[in-house]
Amino acid sequence: MHSVTPPSGFIEPIADPPDDLLLERDPELATLGQCFAALCTGSSSGASVLLSGEAGVGKTTVLRTAAQRANHRIDWLWGTCEPMLSPTPLGPLVDWLDRMPPALAAAVRAGRHAAEVLAGVLSMLRDPTKPTVLVVDDAQWADGATLDLLRYLGRRIESTSALLILSYRDDALGNDHPLLGVLSGLPVRSCVRMALSPLSRAGVAEMARRVGRSPRGLFQVTQGNPFFVTELLAGDPQTLPASVRDAVLARVAPLSPGARNLIELASVSPTPIEVEVVATAIDDPRASIASCTGAGLLALDGGGLRFRHELARRAVEASLSPGRAAALHTVVFDALSIRGATVARRVHHAAQAGLSAAVLVLAPQAAREAAQASAHRQAAALYALALEHAAVLPLTEQAALHVAHSVECQHVERVDDAAVSRRAALALHRQLADRLGEGRDLCELAVIEQYREGPQAGLPYVHAAIEVLEGLDAAVDLAVAYAAMAQMHLNDGTSQSASELGQKALVLLDGQAGAEECLAYALNTVASAQLRSQDLPDAWVLLDRSRHLALEHGLESHAARAYLQTASLSLLHRRYADAEAACERGLAYSEVHDLDVYLVPFHVRHGYALLETGRWDAADARIATVQQTAMLSRFDATQSTTLQHLIDLRRGRDRSQAYWNEMIDGKHAINVGHWFSPLPVACCEAAWLRGEDAQARRIANQALELALTSAEGWRIGQLACWLQRAGGARPQIAQALPAPCELELEGDVHAAALAWAAVGCSYQQALALLGGDAADLRQGLALLDELGAEPAARIARRRLRALGVRHVQRGPSTRTRVDPLGLTAREREVLLLLAQRLSNRAIAERLHRSERTVENHVAALLGKLGVASRSEAVERAGLHLQI
């Protein structure tokens, strides 16, 4: 066996345990060995490994042992995340700054979270002459900037010569933990997932046997956690502590007073504590350090000391009285302040020490740094921390903190918290008679309430804001209010009012310096209002200008909104390729910049594009992924649910029946539906598919009145077509309609179908054909059967039989109908190969098909089974795999 030279950040054990003492970990070590071998031989592209398990299960030990066995050629980069109130942005990279190119290291040291850092790290990992293993340990504590880096690298890892290993505590990941988004985005074909389990009863007994101890009661107390077992076996053999805390404290108790002081001091620092800091607080620090490291409690890590195991640190910290803990945090805070440590570290200790004055200075500063690094969750938490201590501040400063907290909460979709803070700011500004602050608060509350409850909920606030701001010399703020009102009218379907208000905002901004943010907002709204009714080239130019302006000036939210509006308006005008491109770019941008509020809207719009272009399985899978998202806002839940029910409607799934009953009867109103996919159009479709033509005519007639005032050609045209399909007379419409609708209304269903085909809408193409002769009906039925559109296909069959056609083609194959999972023979074959953990490439070779074809089969499987990943598909199939 050989060893590797530990890189900076690698925690060297006091004495490496013999390999044979690492029990029940051979499969994981073998898998890691295979990954390392493939990396060194170049037999595979870059890959990722996810190693999960509860705290103390031995993740770091497994990785350390695997590293010692690995090939000498491998370059190891090892970083660790820390459990701080505000982790240092890109904290793990600090552990290997000396391994980076100078320019990249300088960017990281300066805290710049930008493309140069992401691209720089990726470039390092693409060196084909240097196989690299990048380990990020305790990734559950990763800061926002580190998560962005991991997301960026993970999606591109296959283009590198590196192995990315993430270890994390799965028991620390709640449903809304941001790390889950990173893990779900890793390429499935190149990602190895391993979950470490606790030791078995036999394994625990073997550990006790090797140290000459009785295993009696050991498994019950530890439940097989290796760290618990190790700690308990290292204690007094005459006693069996009731918890790991007791076991750790039992090892601390025999130490000298100086060593115990050191242990307690180190326990309040989640990061390694510098030896220099220790020297200012501990008598005879050298002897105390030697005592603690010799006892196996602490380890020297570079120039600092840290606990060998985080659980031990927590055990000691939990044993401290509140007064003792506060005193120790104060000592560390003072020492770090003298040394000029990072704001993130100092604010952690200031908060724990109860140093309100320091918190009020440092927390907002750390929050601003976090926000600049696009770590908006940390920024929101830090502003919240400052507000806990803010009662002593002047009212103006309290109001400013509430405003900043509200803004950061909006970025991460904590809209309820954003509303609370903004209302607090409003009350303070009114108390101060600050009319400008009041107007700004009212304007932002309008935006928040629109997101929470729809445009009608926001309008009263923006009207009040405009009333306040019109009496002030505040042109830019008034322009913001006009732009906000324009956005609400845009979402409410009154595009003309939106355009007029947006133009008002642009007039106010003319010649105003430093108004780029409002200008980007107003340009976006004006362009969107114009594009709602017409596909105007000049309006697309305005929208592009809005996006470029936002990107140029780092206006993250406005840039994301520009991508989102581009996607929405591209859907409206049936530019599906443009819509998908905008979704992909906007989603990537929002993920990198921690803009959670935009993630689900992009997924929903992408799902709608997939549905309309006939990729229903992929649309199903996309929405299934969205609905697994924790803590969906009301807005996101409504939009994703509506799209899911539309997919279900077209596929004839019973689970959507109750929903459409309420929608058709008008018992369930939606204020935040898709304006790019008007709900009345879907309700007409639902009524018609159920044979309720009278209801379809009623809905179409009612919706046409409002649609005609909006001048939105696609909405008007589709409603008119549904009215005609349901037996109503063609309405008199003065404006020109999109070609597919105009042709169908004129009775030329064949030309209408071709027009729908030209924009890629096979389902709409088929519906148009159902108004034609027997040949048209046959063509439409074939399309519907291919899509799996059973309700519409039944209508086509009835019409063919009514025309006297005897031999009407059947629906989906008998094999699909009797298959317990509704799969075709080919899909079942692919599923069986997935169960063997084969990649798409391997499946393609086995079936003699292209890899792209296999990808389509896999997407179809995920959609039919209602899951988001290959492993979930195999698990969901279960016993049916043998049929």
How large a share of the accessible area of the chain, in percent, is made up of carbon and sulfur atoms when the probe is 1.4 Å and the other protein chains stay in place? 52
Hey, what did segment 713-797 get for relative contact order, percent, Cα under 8 Å, at least 6 apart? 18
Using only DSSP helix segments of four residues or longer, with each worth -39500 (n - 2.57), what per-residue ellipticity at 222 nm results for the chain after dividing by its residue count and rounding to 500? -20000 deg cm²/dmol
What net charge is computed for the residues neighbouring Asp138, neighbours being all others with C-beta under 11 Å from the C-beta of Asp138, Lys and Arg scored +1, Asp and Glu -1? -1
Helix 455-469 versus the longest principal axis of the chain: what angle, 0 to 90°, nearest 10, using Cα atoms? 80
Accessible area in the full protein assembly, largest first, 1.4 Å probe, for Ser869, Ser570, Ser45: Ser45, Ser869, Ser570
Over the chain, what is the percentage of antiparallel beta bridges among all DSSP beta bridges, to the nearest 5? 20
Charge tally for neighbours of His329 with beta carbon under 13 Å away, counting Lys, Arg as +1 and Asp, Glu as -1, is 0
Helix 679-689 versus the longest principal axis of the chain: what is the Cα-based angle in degrees, 0 to 90, to the nearest 10? 70
If I take every Cα pair under 8 Å that is 6 or more residues apart in segment 248-330, average their sequence separation and divide by the length, what percent do I get for the relative contact order? 37
Go through segment 673-776 and name the trypsin sites (Lys or Arg not before Pro) that are in a DSSP coil and have 12 or fewer other Cβ atoms within 10 Å of their Cβ. none
So, over other residues within a Cβ distance under 13 Å of Pro257, counting Lys, Arg +1 and Asp, Glu -1, the net charge is -2
How big is segment 246-304 on each of its three principal axes, counting only the C-alpha atoms and giving the largest first in Å? 28, 22, 18
Given 25 °C and 0.890 mPa s, compute D for the chain with the Stokes-Einstein relation, Rh being the Kirkwood radius over Cα pairs; round to the nearest whole µm²/s. 80
Taking Cα atoms only, helix 475-491 is inclined relative to the longest principal axis of the chain by an angle, in degrees rounded to 10, of 60
Between rounded, prolate and oblate, where does segment 445-507 land on the alpha carbon gyration tensor, with a ≥ b ≥ c its root eigenvalues, rounded for a/c under 1.5, else prolate if a/b exceeds b/c? oblate
Of Arg345, Arg339, Arg414, which has the most accessible area with a 1.4 Å probe, and how do the rest follow in descending order? Arg339, Arg414, Arg345
Could you tell me the relative contact order of the chain? Use alpha-carbon pairs under 8 Å, at least six residues apart, and round to a whole percent. 7
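The values are calculated or read from the model by the stated rules, or taken from the named source; none is laboratory data. This one's a predicted model, so the numbers in the text were calculated from it and none came from an experiment. Counting neighbours? That spans all protein chains shown, and the Cβs are built from the backbone with ideal geometry, glycine included. Heavy atoms of the whole protein, side chains included, go into the accessibility calculation; ligands, DNA and RNA do not. Shrake-Rupley method; radii C 1.70, N 1.55, O 1.52, S 1.80 Å.
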